[in-house]
Amino acid sequence: MILVTLAILAILALFSIKITRQYERAVVFRLGRLAGVKGPGIFVIIPFVDQIIRVDLRVRQFDVPKQTTVTRDNISIDVDAIIYYHVTDPARAIVEVEDYEEATALISQTILRDVLGQNELDTILSDRESLNKRIREIIEDVTDPWGIHVSVVTIRDIGLPENMLRAIARQAEAEREKRARIILADGEYQASERMSEAARLYEKTPVALKLREFQTLAEIAKERNLIVVTNGTESLGTTLGCVKALDR
């Protein structure tokens, strides 16, 4: 009889002692009512009376499949995203929602489409950081009563129709052409200012203008197949003398 009693006690002790890992919590239900959250480590329950459900507290990632949505300016796009979340309150995650993983995934898909549909394509392409933050905050408002914290939302890829890709390419090419023309015009303007300033200096000092003329002729003399003709006998003699000297 004693052996039977000891065996029963051993079996009860075996069913009574539970262990949860550092990243786990055990939600305990006693006769159907929430009795608390246990863990991590070792704890004791009442066999055949208590029921436990283990909840993983580690960060989980959910890959939102491609969602087709229409932007505010009536452009159809395909968008996918990655969402990172974790359980902050195991009891609420089990009691408040039937399947917190599935519920988080579904609400994330819906909110992603809704938020992107309220913005124009240019905003979606250029301001992803603000959109990520806004989507995360809206999802957080929904999942917080479930004991779920959404830490990161990242829009990963935006698929555009072929005609929109061509239009964006033409727009980018036009923008580059515009910048090139502006830079060229600015260079011409600066060059004209320098030339005007040089002309004023030459007007004040004619000798400098003559020296500049000689320098130009010296550069021309390097080309053996060119003939230089100037007005005036004195100027022609001086010019030819300079050219011959440089040719030597």
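The values are calculated or read from the model by the stated rules, or taken from the named source; none is laboratory data. Quick caveat, the model's predicted, so the values are computed rather than measured. Because the Cβ atoms are built from the backbone with ideal geometry, glycine has one as well, and the counts that use them run over all protein chains shown.
Residues that are in the same structural domain as residue 65 (by TED's automatic domain parsing), in a strand (DSSP E or B) and farther than 24 Å from residue 38 by Cβ do not occur anywhere in the range 109-119. Within the range 149-176, no residue that is free of Cβ contacts under 8 Å to residues at least 12 places away in the same chain and among the small types (Gly, Ala, Ser) sits with its Cβ atom under 9 Å from a residue that is part of a helix (DSSP H, G or I) and surrounded by 12 or more Cβ atoms within 10 Å (Cβ to Cβ) at 6+ positions apart or across chains. Per the listing 117, 147, the residue uniquely in contact with a Ser or Thr (Cβ under 9 Å, 6 or more places away or on another chain), small (Gly, Ala, Ser) and surrounded by 18 or more Cβ atoms within 10 Å (Cβ to Cβ) is 147. With a requirement of 3 or more residues that are of a type in the set (Val, Ile, Thr) and not assigned by TED's automatic domain parsing to the domain that holds residue 147, the strands (runs of 3 or more DSSP E) lying completely within the range 1-43 that satisfy it span 17-20.
Within the range 71-87, take every residue that is of a type in the set (Val, Ile, Thr) and within 15 Å of residue 152 (Cβ to Cβ) and give me the one that is farthest from the chain's Cα centre (by Cα). Among those residues, the one meeting the criterion is 83.
Let's see how each residue does on (1) over 20 Å from residue 100 (Cα atoms); (2) loosely packed, with under 15 Cβ neighbours inside 10 Å:
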position: 131; (1), (2): yes, no
position: 137; (1), (2): no, yes
position: 140; (1), (2): no, no
position: 143; (1), (2): no, no
position: 159; (1), (2): yes, yes
position: 162; (1), (2): yes, yes
position: 170; (1), (2): yes, yes
position: 179; (1), (2): yes, yes
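Would you confirm whether any residue within the range 167-178 is at pLDDT below 75 and over 30 Å from residue 76 (Cα atoms)? Checking the range 167-178: not a single residue is at pLDDT below 75 and over 30 Å from residue 76 (Cα atoms). For the subset of the range 69-101 comprising residues that are free of Cβ contacts under 8 Å to residues at least 60 places away in the same chain and assigned to a strand (DSSP E or B), which member is surrounded by the fewest Cβ atoms within 10 Å (Cβ to Cβ)? Checking each candidate, the answer is 70.
Condition test on residue 104, is it touching a residue at least 40 places away in the same chain (Cβ under 8 Å), assigned to a strand (DSSP E or B) and assigned by TED's automatic domain parsing to the domain that holds residue 145? Spelling it out, it is not the case that residue 104 is touching a residue at least 40 places away in the same chain (Cβ under 8 Å), assigned to a strand (DSSP E or B) and assigned by TED's automatic domain parsing to the domain that holds residue 145. Considering (1) part of a helix (DSSP H, G or I); (2) farther than 26 Å from residue 29 by Cβ; (3) among the basic types (Lys, Arg), the lone condition that residue 156 does not fulfil carries the number (1). Among residues of the range 120-138 that are in the same structural domain as residue 106 (by TED's automatic domain parsing) and outside any helix (DSSP H, G or I), those with a beta-carbon under 7 Å from a residue that is of a type in the set (S, T, N, Q) and surrounded by 13 or more Cβ atoms within 10 Å (Cβ to Cβ) at least six positions away or on a different chain give the pairs 120/71.
Go through the range 101-138 and count every residue that is among the aliphatic types (A, V, I, L, M) and farther than 24 Å from residue 75 by Cβ.
Number satisfying all stated conditions: 4.
If you take the residues in the range 83-140 that are aromatic (Phe, Trp, Tyr) and out of contact with any His (no Cβ under 7 Å at 6 or more places or on another chain), which one is modelled with the highest pLDDT?
The first filter runs over the range 83-140 and keeps only residues aromatic (Phe, Trp, Tyr), leaving 84-85, 100.
Among the residues that remain, those that are also out of contact with any His (no Cβ under 7 Å at 6 or more places or on another chain) are: 84, 100.
Numbers: 84: 96, 100: 93.
Going through the qualifying residues, I end up with 84.
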